[in-house]
Amino acid sequence: MGKRKEAERFGVSFEPDLLKKFDREIAAAGYECRSEALRDLARQWLSSRQLKQGKGPAFGVLAIVFNHQRRQVSKRLTRLGHKFFAEVVTTVHIHLDEHNCLEALILRGKAQEIQQLADQMRALKGVEQGGIVLLELQRKEKKGG
Ligand code: NI
């Protein structure tokens, strides 16, 4: 191992409710400070992303929850769907309550393209939760075919 590099500090802002829940759960999980919990989350996220950078044909199922009244989020989601190489095959929209919608999107393309599209959708302001299941298609090749 080389010389240990000094940790860099940066500011993070959380909404009060989110911070309260985060603090409660990291304490329950045994973390002594937020920084350690955030570092672990970053490591997990980075390693899961490495799995998702394949170039073969794939499908993704993205589920997002968003407030349809905020910042034209519906329009922006549609715009992203048209802009990317990965294709939105179909979507299912459920009105959860007066403000919130759940949308499940079936995406088709290369794994990394699907990941990019999903990332940008999740990053939109107004999108409050999001999760993706990514399936790479395993094609069996026939010998001599
Ligand atoms: Ni809705």
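Any read-out appearing in this document is the output of simple, stated calculations on the displayed coordinates, not a laboratory observation. In this text the structure is predicted, and so the values were computed from the model without any measurement. Don't worry about glycine lacking a Cβ; one is built from the backbone with ideal geometry, like all the others, and counts go over all protein chains shown.
Rank L80, F59, T90 by how far each Cα sits towards the positive end of the charge dipole of region 59-99 (+1 on Lys, Arg Cβ; -1 on Asp, Glu Cβ) and give me just the farthest.
The residue sitting most towards the positive pole is L80.
Please check the chain for the longest run free of trypsin sites (Lys or Arg not before Pro) that are loop-located per DSSP (anything but H, G, I, E, B) and have at most 11 other Cβ atoms within 10 Å. Please report the intermediate quantities before stating the final value.
Values: sites that count: K3, R4, K5, R9, K55, R139, K140, K142, K143.
Longest stretch, sites excluded: 56-138.
Enumerate by residue number the GluC sites (Glu not before Pro) in region 14-72 meeting two conditions: DSSP loop (anything except H, G, I, E, B), and at most 14 other Cβ atoms within 10 Å of the site's Cβ.
On the way: sites: E25, E32, E36; in loops: E32.
Those that pass, being in a loop and sparsely packed, are E32.
Please state the charge dipole magnitude for the chain, taken about the Cα centre, from unit charges on C-beta atoms (+1 on K and R, -1 on D and E), reported in debye and rounded to the nearest 20. Before the final figure, lay out each step's value.
Numbers: 27 positive and 18 negative charges, 163 e Å.
In total the dipole reaches around 780 debye.
Are there any chymotrypsin sites (Phe, Trp or Tyr not before Pro) in region 1-108 that are in a DSSP loop and have at most 12 other Cβ atoms within 10 Å? List them by number. Display every interim value, and only then the final one.
Values: sites: F10, F14, F22, Y31, W45, F59, F66, F84, F85; in loops: F10, F14, Y31, F84, F85.
Filter output for region 1-108: F10, F14, F85.
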